[in-house]
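The values are calculated or read from the model by the stated rules, or taken from the named source; none is laboratory data. Owing to the predicted nature of the structure, the values given are computational and were not obtained by experimental measurement. Because the Cβ atoms are built from the backbone with ideal geometry, glycine has one as well, and the counts that use them run over all protein chains shown.
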Amino acid sequence: MQGAVLHGPRDVRFEQRAMPAIVQPTDAIISLSAACICGSDLWPYRGIQPISQPVPMGHEYCGIVEEVGSEVTSITRGQFVIGSFFASDNTCPNCQRGYQTSCQHRQSVVGAQAPFLRVPLADGTLVPTRDVPADGVVASLLALSDVMGTGWFAADAANVTPGSTVVVVGDGAVGLLGVLSAKQMGAGRIIAMSRHETRQALAREFGATDIVTERGDQGIERIRQLTNGLGADSVLECVGTQESMKQAIESTRAGGSIGYVGVPHGVTLDGADLFFRHVRLHGGPAPVRRYLPRLIDLVLTGTINPGRVFDLVLPLDQVAEGYRAMDERRAIKTLLRP
């Protein structure tokens, strides 16, 4: 088969790769109904996260089970399944506490920008839908594999509660779905920070009540103006830079909470500031598996439509253009059709 391989900064190639096969008896092979490019894929694409050799790309996936290992008991051929970017057994103590991305036996799932994918620990990782879904909801189900689950975790970690005031730092797919998540959790006011009109419009569609275009100290001051000088009850940090983390911390009221899901790059924290302002900070790789059953139900009942973040659809063999479009911010998120 052919799939996406990153060879170096801004050098993505659609080239021949080996067909995945069962390696462990707990594996499953799925044929992908859709694939996509994640904002976190841009870190190695831009050379900020160096690679030492060509790397198969993609970690968001949904599709049809084609083959299972001899020890797989809960997943069968022909089922439509969704999984997380980390495979987990879903039985270890960390998994049982709801942190499957810290599974004691976790494995990365990579190579999903291709027609077929091997998923380790299939019983603990994959969640089937009751029926094979209609094509029209596949994009939204694909979003659950990472960005929707990550946005939901950001809101959950930030302790969003009914009636609360929420700030979302970052207007990429995760930030926008953080807005949607906060809305579903009953937030009374959702302030999205964005400078891009198309993203602002989608944020409002998802539930944002206010838009702040300023950044840095000006952005922090604007948040304080909107919250009577207090700051927000909950802040979702969905970028992962020093600037975005500072923006998040300084936008949080005393005793408030931050959910941070942007993969940190060069982020340092002022412990004394957090200490004296009683700010809670919780985050990490989203335990998508914890939320999948509920999010699948929300999609299939038509309650949420996270697939709206896909604003560019390309054939899989045009994956390089998909990366360019996201890198140049011409697209929020690229959907790839195998």
Take Thr129 and decide whether it is touching a residue at least 40 places away in the same chain (Cβ under 8 Å), β-branched (Val, Ile, Thr) and touching a strand residue (DSSP E or B) at 6+ places or on another chain (Cβ under 6 Å).
yes
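In contact with a helix residue (DSSP H, G or I) (Cβ under 8 Å, 6 or more places away or on another chain) and either closer than 28 Å to Cys92 by Cα or outside the structural domain of Arg13 (by TED's automatic domain parsing) (or both), is that true of Leu226?
Answer is no for this residue.
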Residues Arg215, Arg199, Arg280: which one is buried (at least 21 other Cβ atoms within 10 Å of the Cβ), in contact (Cβ under 8 Å) with a residue 24 or more places away in the chain and of a type in the set (D, E, K, R)?
Arg199
So for the stretch 61-71 (the condition being touching a helix residue (DSSP H, G or I) at 6+ places or on another chain (Cβ under 7 Å), small (Gly, Ala, Ser), at pLDDT 95 or above and in a strand (DSSP E or B)), does at least one residue qualify?
no
Looking at the structure I just gave you, is Leu236 touching a helix residue (DSSP H, G or I) at 6+ places or on another chain (Cβ under 9 Å), hydrophobic (A, V, I, L, M, F, W, C) and over 29 Å from Gly302 (Cβ atoms)?
no
For the stretch 107-128, how many residues are out of contact with any Cys (no Cβ under 9 Å at 6 or more places or on another chain) and assigned to a loop (DSSP other than H, G, I, E, B)?
7
Out of the residues in the stretch 313-338 meeting the condition of being free of Cβ contacts under 8 Å to residues at least 40 places away in the same chain and among the acidic types (Asp, Glu), tell me which one is surrounded by the fewest Cβ atoms within 10 Å (Cβ to Cβ).
Glu328
Residue tally, condition crowded, with 20+ Cβ neighbours inside 10 Å and under 20 Å from the mean Cα position of the chain (by Cα), over the stretch 55-79
7
Of residues in the stretch 50-83 being in contact with a strand residue (DSSP E or B) (Cβ under 9 Å, 6 or more places away or on another chain) and among the hydroxyl-bearing types (Ser, Thr, Tyr), the one nearest to Leu121 (Cα to Cα):
Ser74
For the structure I just gave you, tell me whether Ala143 is under 30 Å from Gly219 (Cβ atoms), buried (at least 24 other Cβ atoms within 10 Å of the Cβ) and either touching a helix residue (DSSP H, G or I) at 6+ places or on another chain (Cβ under 8 Å) or without any contact (Cβ under 8 Å) to a residue 12 or more places away in the chain (or both).
yes
